[in-house]
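To keep things clear, I will list the structure first and then write my remarks on it.
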Amino acid sequence: MRTHAQAVVIGGGLIGCSILYHLAKQGWKDVVLFERDELTSGSTWHAAANIHGLHDVTNISRLQHYTMALYKELEKETGQGCGIFQPGSLYLAQTEAREHQLRLQEAKARRYDMNFYQVDRAEAERLHPLVDFDGIRCIMYEPEGGNVDPSGVTAAYAAGARQRGAEIHRFTAVTGTEQRPDGSWTVRTTKGDVHAEWVVNAAGLWAREVAALAGLELPLIPTEHQYFVTETIPEIAGMGWRLPSVADRDGEYYLRQEGLGLLIGAYERSMKFWAEDGTPKDFGHELFPDDLERIEENMLRAIARVPAVGRAGVKKVINGPMIWSPDSAALFGPIPELRNYFCCAGIIPGFSQSGGLGRLAAEWMIEGEPTLDMFGWDLARFGHWAGKAFTKARVRDQYSHRFKIHFPNEERAAGRPVRTRPAYALQKDMGGVFGLNFGWEHPLWFALDGEPREETVGFTRQNWWHPVGREALMLREKVGVIDISNFAKYEVKGGGAEAWLNALFANKMPSRIGRSCLTPLIGKRGGIAGDFTVTRLGQDEFRMFGSGMAERYHQRFFRMVPLPAGTTFRSVTNDICGFNVAGPKSRDLLQRLTNDDLTTPSFPFMSSRRITVAGVDVIALRVSFTGDLGWELYCEEKDQVRLYTTLIDAARQEGGGPVGSRALLSLRVEKGYGSWGREYSPEYWPQEVKLDRLIKLEKGAFLNRDAYVGIADKPARDELIMIAIEAKNADASGGEPIFLPDGTPVGQVTSGAYGYSVGMSLALGYVKAGTAKSGDALTVAILGRPHPAVLLERPPFDPDGHRLRA
Ligand SMILES: Cc1cc2nc3c(=O)[nH]c(=O)nc-3n(C[C@H](O)[C@H](O)[C@H](O)COP(=O)(O)OP(=O)(O)OC[C@H]3O[C@@H](n4cnc5c(N)ncnc54)[C@H](O)[C@@H]3O)c2cc1C
């Protein structure tokens, strides 16, 4: 057994074996996997192992397609059968919303050259004669859908890894992971120790226990999950071909052929947790007792759709455990607070995603960053706030609504609130409707008396559309107060503060006290890893402001640049609250509450200083993400209610009032401002997102400067554009494909919103460089249907920035 390895993978399930395979394939030969039992001994061996290519999130579709194609390659490469059946999958829509979802996916498939298209009822009946298509309003077909053999696939990954020099030790449990002073790891096993550069936690059902060996807690909880297989169905026995699988998500079950019968699985409402306090160490190839009663409602819907199920007897029932994260996406990536500890756990559709996750995990460890933006899967999207109660409540909601559509802008209530500010109760009383941002409750909009406080959800404009418009217009015409406490806030102090910030960020830090700058953070491949506002409050004192949801994600980058001696860096997000007071009357409002001179000569755009507003000490920055005249005011949390109350009273006297963050989305889109996680991501180069003007190569070294230099002279692959769309009852929200009028796909929307003050349905997005110019006609697939659009030369609101600088 090796005593040294570049990486030790813990867990020989589907995922661990895929990661091992990809590490070896991408060049790390010195890699070892430990499996406490036989390979596949967790969730893997008993899975239904259905595979699908399409997912609502584009990058997940990409990695699912990679996975599906890989299985065939693996078979060829290793000679190990993967038991691949690809008779296709039929996707059924019973409701209008489901039809919108499927049509949108079909448009995305055209954009990304994936095979997914509509079939008519006659064709669907030919493909699957046992399905009763009554009441189905739209049917899509994915020819590559199907299923694989769980043990075959896992064994093929293992064989492929071994062929490339990787070692696999079965019946060898990892009993300890201890970090050495140099950051490398001692991995203790029942057969001896290994010194490793990287530890990979792929322990599936036991990921929590393995994490605990390194002092980590992961927000995961297992549930039971059942499917059953029928006895032979005579019609199937008499058929000469294999039936496609059926995704009847409105019916809340999945169904496919297994042998000469059918396999039906369900995510039932009355779901059942398992091993909440820890997965038993000695749990092996075991299943739970059958409990078909629990999935009876789902079964009845399956029988109504495929009557042959009801006529056949049940041959076997599988009731096994699977482990979930709070949003049912994987917990993926290096732990930000530890050096070289990678985690890949909580994967629900493992057989659709194993290859892609393995490939991206290997890229991340070997090259320092995955080639696809994985923020939605990055474990850094959760923090300590995602505790046990939150995880349990969210998992219950995720499991029991597994096939429910995730609508744009939807905010699920389960497990909330977890983190609130002192003004929460007050904002609730004011009619606040809240969203969740990195655990924080933040107001999305405010309902007036008599207006509903529950949001409706859907792909079309919902009940919040008019109230949000009212707020956006109020701010543009008068003044609005937006709670921005959920922004990430950091303090950098000491003699080396400026040097450290210059070594971290790509822009040159302000040399004058009271000045601010916008700066990109550059990723390992030269893309945009973040965008920040930095302001200099004193000779040795700076504040940084960034995306709240990326706070933990950005820690990885901050830790890459050592702090000079005597310099401190800390997050003050928890201690500090913020308000954005913006709109043409914002100066009048604030000037009544402070003795500081707020006129432009004294307080110009992009300047900052400490002032007192209504007796509260604040740091004031003259910036506003609304694109309007405005200030961001940051106060201590204890002063939040006092400051808020005063600001709201004063705003009301000016004809303004509270504004939520959904109006902020509309306002920044009107102004063409990009946002982290939407327009800005490591996948895009600075010259593509138009942030290259903020990169100062002449200042010397900064994080990933070489990576940027390597791509700086390359022509943009994509261009960030702004479009106005002819939309009547639904706006773009992000992800919708963009086409030329002849149907050629050229790009996709990143953010969309109605621009209330300009009277246009707007979107920001990317198109392939050189494919469209200002004034050109395009179409955008909203609700999956082409909507005419035009490429705008300039943002429709205040393109010259007069309001900002007024
Ligand atoms: C009933 C059911 C049906 C399913 N159907 C599908 C489906 O149709 N399609 C689909 O894509 N997915 C399906 N899944 C989900 C799928 O099974 C999982 O996504 C996948 O198996 C997860 O694999 P894993 O490698 O992450 O975890 P696991 O399979 O749990 O593997 C973890 C491994 O780590 C090992 N291990 C743990 N602790 C240690 C230690 N200390 N030292 C060494 N080794 C250790 C374990 O023994 C185990 O072998 C289904 C799941 C269930 C329960």
Inset, instruction - Consider just the alpha-carbon atoms of the chain and return their Rg together with their Dmax, both in angstrom. - result: 27.3, 88
Legend entry - Evaluated over the range 647-698, the Cα radius of gyration and Dmax, each in Å: 16.7, 49
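Obtain the radius of gyration and the Kirkwood radius of the range 285-359 from its C-alpha atoms and give Rg over Rh.
Reported Rg/Rh (Cα atoms, Kirkwood Rh): 1.15.
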Inset, instruction - Divide by every residue of the chain the summed helix terms, -39500 (n - 2.57) for each DSSP H run of at least 4, and state the resulting mean residue ellipticity at 222 nm, rounded to the nearest 500 deg cm²/dmol. - result: -7500 deg cm²/dmol
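Order the peptides 527-534, 556-563 from the highest to the lowest mean number of other Cβ atoms within 10 Å of their residues.
Values: 527-534: 23.1, 556-563: 16.2.
Ranking, from highest mean packing down: 527-534, 556-563.
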Legend entry - Between the range 303-356 and the range 46-63, the alpha-carbon center distance in angstrom: 10 Å
Inset, instruction - Using DSSP to define loop residues, name the chymotrypsin sites (Phe, Trp or Tyr not before Pro) in the range 190-247 whose beta-carbon has at most 16 other beta-carbon atoms within 10 Å. - result: Trp241
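For the range 294-417, what is the Kirkwood hydrodynamic radius in Å, using each pair of distinct C-alpha atoms?
Working: mean 1/r = 0.0580 Å⁻¹.
Evaluated on the range 294-417, it is 17.2 Å.
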Legend entry - Kirkwood hydrodynamic radius of the range 263-326, from inverse mean 1/r over distinct Cα pairs, in Å: 13.8 Å
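Can you give the Kirkwood hydrodynamic radius for the range 1-155, in Å, rounded to one decimal and based on Cα pairs? Provide the component values of the computation, followed by the final result.
Numbers: mean 1/r = 0.0566 Å⁻¹.
It works out to 17.7 Å.
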Legend entry - For the range 772-806 versus the range 157-186, the gap between their alpha-carbon centres in whole angstrom: 52 Å
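Of the listed pairs Lys489/Lys638; Lys728/Lys768; Lys671/Lys714, which have alpha-carbon separations greater than 19 Å here?
Numbers: Lys489/Lys638 16 Å; Lys728/Lys768 27 Å; Lys671/Lys714 28 Å.
The pairs that break the limit, which is 19 Å between Cα atoms, are Lys728/Lys768; Lys671/Lys714.
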Legend entry - Cα coordinate range in the range 345-490, projected on the principal axes (Å, largest first): 53, 38, 31
Legend entry - Inter-probe distance in nm under a simple model that places probes 7 Å from Cα toward Cβ, at Trp385 and Leu694: 2.3 nm
Legend entry - Along principal axes, Cα extents of the range 53-108, largest first, whole Å: 46, 23, 12
Inset, instruction - Give me Rg over Rh for the range 8-93, both radii from the alpha carbons and Rh done the Kirkwood way, two decimal places. - result: 1.00
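Can you name the helices of the chain, as whole DSSP H runs, whose Cα span along the helix axis is 24 Å or more and whose Kyte-Doolittle mean is not below -1.0?
Values: long enough: 58-78 (30 Å, -0.90); 350-367 (25 Å, 0.07).
For the chain, where a helix must reach 24 Å along its axis and average at least -1.0, the hits are 58-78, 350-367.
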Inset, instruction - Over all alpha-carbon pairs of the range 707-786, lay out the pair-distance distribution in 5 Å bins, whole %, shortest bin first. - result: 3, 15, 26, 22, 15, 8, 6, 3, 1
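Name the shape class, rounded, prolate or oblate, that the alpha-carbon gyration tensor gives for the range 573-664, where a ≥ b ≥ c are the square roots of its eigenvalues, rounded holds for a/c under 1.5, and otherwise prolate holds if a/b is larger than b/c and oblate otherwise. Display every interim value, and only then the final one.
On the way: a/c = 1.21, a/b = 1.06, b/c = 1.14.
Cα axes put the range 573-664 in the rounded bin.
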Inset, instruction - Please tell me which of these pairs span more than 25 angstrom C-alpha to C-alpha: Lys25/Lys524; Lys690/Lys773; Lys108/Lys272; Lys316/Lys388? - result: Lys108/Lys272; Lys316/Lys388
Legend entry - Residue-wise HN-Hα coupling along the range 322-331, computed from phi with Karplus coefficients 6.51, -1.76, 1.60 (Hz; x: Gly, Pro): 9, 10, 10, 9, x, 10, 6, 9, 5, 9
Inset, instruction - List every residue whose amide H lies under 5 Å from the amide H of Asp531, counting only residues 5 or more places away in sequence or on a different chain, with H placed 1.01 Å from N in the peptide plane. - result: Leu521, Ser547
Inset, instruction - Rank Gly630, Ser485, Gly176 by how far each Cα sits towards the positive end of the charge dipole of the chain (+1 on Lys, Arg Cβ; -1 on Asp, Glu Cβ) and give me just the farthest. - result: Gly630
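Per residue, what volume in Å³ does the convex hull of the Cα atoms of the range 405-555 enclose?
Values: hull volume 26.0 nm³, N = 151.
So the per-residue Cα hull volume is 172 Å³.
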Inset, instruction - In nm, give the distance between the simple-model label positions of Ala212 and Glu726, each being 7 Å from the Cα along the Cα-to-Cβ direction. - result: 6.2 nm
Inset, instruction - Could you pull out every residue, at least 5 positions away or on a different chain, whose amide H is within less than 5 Å of the one on Leu703? Hs are placed 1.01 Å off N in the peptide plane, and Pro or chain starts have none. - result: Leu504, Phe505
Legend entry - the range 398-444: radius of gyration and largest Cα-Cα distance (Dmax), Å: 12.3, 36
Legend entry - Simple Cβ-charge dipole of the chain, Lys/Arg +1 and Asp/Glu -1, about Cα centre, in debye nearest 20: 1480 debye
Inset, instruction - Calculate the spin-label point distance for Lys76 paired with Asn574, positioning each point 7 Å from the Cα along the beta-carbon direction, and give it in nanometres. - result: 5.4 nm
Legend entry - ³J(HN,Hα) computed for each position of the range 581-597 - Karplus, 6.51 cos²θ - 1.76 cosθ + 1.60, integer Hz, glycine/proline x: 9, 9, x, x, 9, 5, 5, 4, 4, 5, 4, 6, 10, 9, 8, 5, 7
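Could you tell me which GluC sites (Glu not before Pro) in the range 396-491 are loop residues by DSSP with no more than 10 other beta carbons within 10 angstrom of their beta carbon?
Values: sites: Glu410, Glu411, Glu441, Glu454, Glu455, Glu471, Glu477, Glu491; in loops: Glu410, Glu411, Glu454, Glu455.
Passing sites in the range 396-491 are Glu454.
Coordinate-derived values only; no laboratory data. Please read these numbers as outputs of a predicted model, since none were measured by experiment. Please note: Cβ atoms are built from the backbone with ideal geometry, for glycine as well, and neighbour counts cover all protein chains shown.
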